[in-house]
1. Can we say Leu127 is part of a strand (DSSP E or B) and more than 15 Å from the chain's Cα centre (by Cα)?
2. Please enumerate the residues belonging to region 135-148 that are crowded, with 16+ Cβ neighbours inside 10 Å and within 18 Å of Met90 (Cα to Cα).
3. Can you find, within region 39-85, the residue that is least open to solvent (accessible area, probe 1.4 Å) among those that are assigned to a strand (DSSP E or B) and aromatic (Phe, Trp, Tyr)?
4. Please specify each residue of region 96-119 satisfying the condition of being closer than 15 Å to Arg143 by Cβ and of a type in the set (Phe, Trp, Tyr).
5. Pick out the one residue from Pro109, Pro95 that is under 23 Å from Gly58 (Cβ atoms) and either surrounded by fewer than 20 Cβ atoms within 10 Å (Cβ to Cβ) or touching a His at 6+ places or on another chain (Cβ under 8 Å) (or both).
6. Restricting to region 130-148, count the residues that are within 15 Å of Val55 (Cα to Cα), in a loop (DSSP other than H, G, I, E, B) and basic (Lys, Arg).
7. Quick one: which of Ile104, Ile71 is hydrophobic (A, V, I, L, M, F, W, C), touching a Leu at 6+ places or on another chain (Cβ under 6 Å) and at pLDDT 95 or above?
8. Mind checking which residues of region 87-109 are among the small types (Gly, Ala, Ser) and either within 13 Å of the chain's Cα centre (by Cα) or assigned to a loop (DSSP other than H, G, I, E, B) (or both)?
Amino acid sequence: MKNKLLGLVLFLAIASISQANAQELGIRFGNFYGNNVAVDGVFALGQFSRVHADVSFGGGGVGIDALWNPIYRPVGASEFNYYLGFGPSMFIGDPFSLGVAGEIGIEYPFRSVPIVIGADWRPNFRLIENTNFFADQFGLNIRWRFGK
């Protein structure tokens, strides 16, 4: 049953990513919901706003985050960008969990190759099934950039 659920979630994630024309698609490594790897996608909403979505797996269930980054700006005159955001966070497993996550991150888009590397911190406040706050969720993102 868990394999079927995981397959269904991955299929829906890949289908939604391809339909939404993700500007970046890759992998996120880190600690979230006991999982250690995620499919990571970024969807632009404008020049300085975007959605950063993940489907994580590997720890007895599937985690789904869809975080809105209303602040996405360059760091001074450098090539680095920083972003701040928040959004819903869910874990489909035992126990089920639903909550809110924040996000603070920095990334570097390479100019010569279409790759973006970033690191972020995602504090998470879980409301359902157990109420807890987790501040130990850090990640490393490696994504392929489509378009410009």
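The values are calculated or read from the model by the stated rules, or taken from the named source; none is laboratory data. What you see is a predicted model; the values in this text were computed from it and never measured. Backbone-built Cβ (ideal geometry, glycine too); neighbour counts: all protein chains shown. Calculation scope for accessible area: heavy atoms of the full protein, side chains included, ligands and nucleic acids excluded. Shrake-Rupley method; radii C 1.70, N 1.55, O 1.52, S 1.80 Å.
1. It is true that Leu127 is part of a strand (DSSP E or B) and more than 15 Å from the chain's Cα centre (by Cα).
2. Gln137, Gly139
3. Tyr83
4. If the condition is that a residue be closer than 15 Å to Arg143 by Cβ and of a type in the set (Phe, Trp, Tyr), then Tyr108, Phe110 are the ones that fit.
5. Result of the check over Pro109, Pro95: Pro95.
6. 0
7. Details: Ile71 fails: at pLDDT 95 or above.
On inspection, the qualifying residue turns out to be Ile104.
8. Pass one, region 87-109, residues among the small types (Gly, Ala, Ser): 87, 89, 93, 97, 99, 101-102, 105.
Gly87, Ser89, Ala101, Gly102, Gly105, listed by residue number.
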